[in-house]
1. Going from the alpha-carbon gyration tensor of region 1-54, what semi-axes, largest first and in whole Å, does one get by taking the root of 5 times each eigenvalue?
2. Taking the Cα centre of each part, how many Å lie between region 8-37 and region 48-64?
3. What residue among 112, 50, 13 has the largest mean-square fluctuation in a Gaussian network model of the chain, using Cα springs under 10 Å?
4. Taking neighbour Cβ counts within 10 Å as the exposure measure, how do 3, 39 sort from fewest upward?
5. At residue 54 and residue 25, where each label point lies 7 Å from the Cα along Cα→Cβ, what is the point-to-point distance in nanometres?
6. Per 0.36 nm of contour for each residue apart, how much would the distance between residue 14 and residue 100 grow if the chain were fully extended, relative to their Cα-Cα spacing?
7. Considering Cα pairs under 8 angstrom that are at least six residues apart, work out the relative contact order of the chain and quote it in whole percent.
8. Of all alpha-carbon pairs in region 55-97, indicate the percentage at a distance above 17 angstrom.
């Protein structure tokens, strides 16, 4: 999208009219709507439990960088191969994701008001 300007914007955005692309957008909107409904129910439950004296234990989640890359981007096989084939690039990638992991965990804790961060030790 950043390279689309002037008349290129017209030709570049025409792909959005492709039924497969617009169908994908529709699916994403449905998923987002469902996610909002689930989040609203979870928030109501957390509020109810807090009112009953059972506050949430976790305000956010901070994954280990290796696990983050393996679980969400590379898969178990990919990350294990990276350890042996591209160890320096893997270390560099792990360093780059740390600020994003921390920002997500801290912002979630601030948003929920629960100062505890869950760190899965796998």
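Taken together, the values in this text are just the output of simple stated rules run on the coordinates, not laboratory data. As the structure is a prediction and not an experimental result, all values here were calculated from the model. Reconstructed Cβ throughout: ideal geometry from the backbone, glycine too, with neighbour counts over all protein chains shown.
1. 42, 14, 5
2. 34
3. It is 13.
4. Fewest-to-most Cβ neighbours within 10 Å comes out as 3, 39.
5. Label-label distance for residue 54 and residue 25, simple model: 4.3 nm.
6. 27.7 nm
7. Computed value for the chain: 32 percent relative contact order.
8. Distances greater than 17 Å cover 34 percent of the Cα pairs.
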